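None of the figures in this text is laboratory data; all of them are computed from the coordinates on show. Here the structure is a predicted model, which is why all the values come from computation and not from measurement. Here the Cβ positions follow ideal geometry from the backbone for every residue, glycine too, while neighbour counts run over all protein chains shown.
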Amino acid sequence: MARDYYEILGVSRDADKEDIKRAYRRLARKYHPDVNKEPEAEERFKEINRAYEVLSEPETRARYDRFGEAGVSSAAGAGAADFGDFGGFADIFESFFSGFSGAGAPGQTRRRSGPMRGDDLRLDLKLDFREAIFGGEKEIRINHLETCTTCTGTGAKPGTQPRGCSTCNGAGQVRRATRTPFGSFTQVSVCPTCNGSGQVIEDKCETCGGRGQRQETKKLKITIPAGVDNGNRLRVSGEGDAGQRNGPPGDLYVYLFVSEDPEFHREGINILSTLKISYLQAILGSRLEINTVDGSHELVVPPGTQPGTVLTLEGKGVPKLGNPVSRGDHLITVLVDIPTRTSPEERELLEKLAKIRGDRTERGGIEGFIGKMFGG
């Protein structure tokens, strides 16, 4: 059983034309297949279109209110014909979806003779580990469409102008009416001669071949903010493809991918690394020069440092994206190197130390002694 059209649009049965149009705009924006990629979105979108097609026209709405689906099923074609050039129906989709690379509603055949916004472009950019942390200027190369300077985007040879299409009389669409026992059906489609533009170029521009645009390679300098990470996206306004018929250009979206570093690992705004020290340095403590993303820095290892201890260098991590003055920390995990072999002199000293501590050892058994020193 077909769902109630008022229920589909979420309006009451006494809703006026503007209420129905507003409900349709909201739902069409939500379920349009170019926006909503869920499997059921396309079917829901068709339901919404059908409900609006019936309820937006007084005659078909009256038949639906009186007879239900049976009152409009055989007149669906005539009801569609009432839209004429799809003035209200297609206008809604142009206002919502003109920015989606020319995507529109299924079956949309509105004339496209005016300026059209260009397509957005994507560029994947790989950054070194430190480039992502500190940012800076980066030069990139892009291939995009630019308006032809010879014909200024008209596609016509200089000194000539496009003429109106004789097939569709400049409407950009053609109609074909069919009569059936169930009523009259009007089919509206894009004009095959002018491809919906309403114009035909007889003398094409030799530079662009009548397209009005040319593919160009361009160098750009973009600023990478400090603190960017994998998957971050930068928008460069106006550097996408040029729009048709002198329409505004699209935008360039730069997706960032950060290379791994052999020494450092990033976790949010903190930098992680490891430091291997000797068991004597762990026992007695030490001052060591270590590497950070800022360069060499002195680290104090306190006496009695245990394996796995994490030492912190505050403010030596990654700048916060959008607030580079504030930075994360550098966290150093301490690894203690336990020797497997010792010289006779070392063994003698360690055995003396074991006696002082009262630890039982085997000759040459340094592992047990060192294990006890570190709580093993």
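A cut-off under 11 angstrom between Cβ atoms defines the neighbours of Tyr6, and their net charge, with Lys, Arg +1 and Asp, Glu -1, is -2. Label-to-label distance, Glu289 versus Ser189, with points set 7 angstrom from Cα along the beta-carbon direction: 7.9 nm.
Note on Leu125/Lys30: beta-carbon distance plugged into 1/(1 + (r/R0)^6) with R0 of 30 Å gives a FRET efficiency of 0.40.
For Asp119, the residues 5 or more places off, or on other chains, whose built amide H falls under 5 Å of its own are Asp241, Gly250. Ser259 sits among other residues whose Cβ lies under 15 Å from its own Cβ, and their net charge, with Lys and Arg +1 and Asp and Glu -1, is -3. The phi torsions of segment 141-153, fed into the Karplus equation with coefficients 6.51, -1.76 and 1.60 and a -60° offset, translate into couplings of 10, 10, 10, 8, 8, 10, 4, 5, 6, 6, 9, 6, x Hz, rounded to whole numbers, with Gly and Pro shown as x.
Take the Cα of Ser259, step 7 Å toward its Cβ, do the same at Glu139, and the gap between the two points is 1.8 nm. At R0 = 22 Å, how high is the FRET efficiency between Leu353 and Val300 if r is their beta carbon distance? Nearest 0.05 is fine. That gives a FRET efficiency of 0.35. Gyration tensor over the Cα atoms of segment 183-340: the corresponding equivalent ellipsoid has semi-axes (square roots of 5 times the eigenvalues, largest first) of 63, 17, 13 Å.
Size descriptor for segment 142-255, Kirkwood hydrodynamic radius: 17.3 Å (Cα pairs only, one decimal). Work out the FRET efficiency for Asn270 and Arg360 from their Cβ-Cβ distance, taking R0 = 56 Å, and round it to the nearest 0.05. Once the sixth-power term is evaluated, E becomes 0.85. Modelled this way, with points 7 Å down the Cα-to-C-beta line, the labels at Phe67 and Asp203 are 5.8 nm from one another.
Inter-part distance, segment 243-277 to segment 122-163, computed on C-alpha centroids, equals 21 Å. Phi angles of segment 13-18 translate, via the Karplus equation with coefficients 6.51, -1.76, 1.60 and θ = phi - 60°, into HN-Hα couplings of 6, 9, 5, 7, 4, 5 Hz per residue; Gly and Pro are given as x. Highest average first, the peptides 226-238, 346-358 ordered by how many other beta carbon atoms sit within 10 Å of their residues are 226-238, 346-358. Here the Karplus curve 6.51 cos²θ - 1.76 cosθ + 1.60, taken at θ = phi - 60°, turns the phi angles of segment 201-216 into couplings of 9, 7, 9, 6, 4, 6, 6, 10, x, x, 7, x, 9, 9, 7, 10 Hz, with x standing for Gly and Pro.
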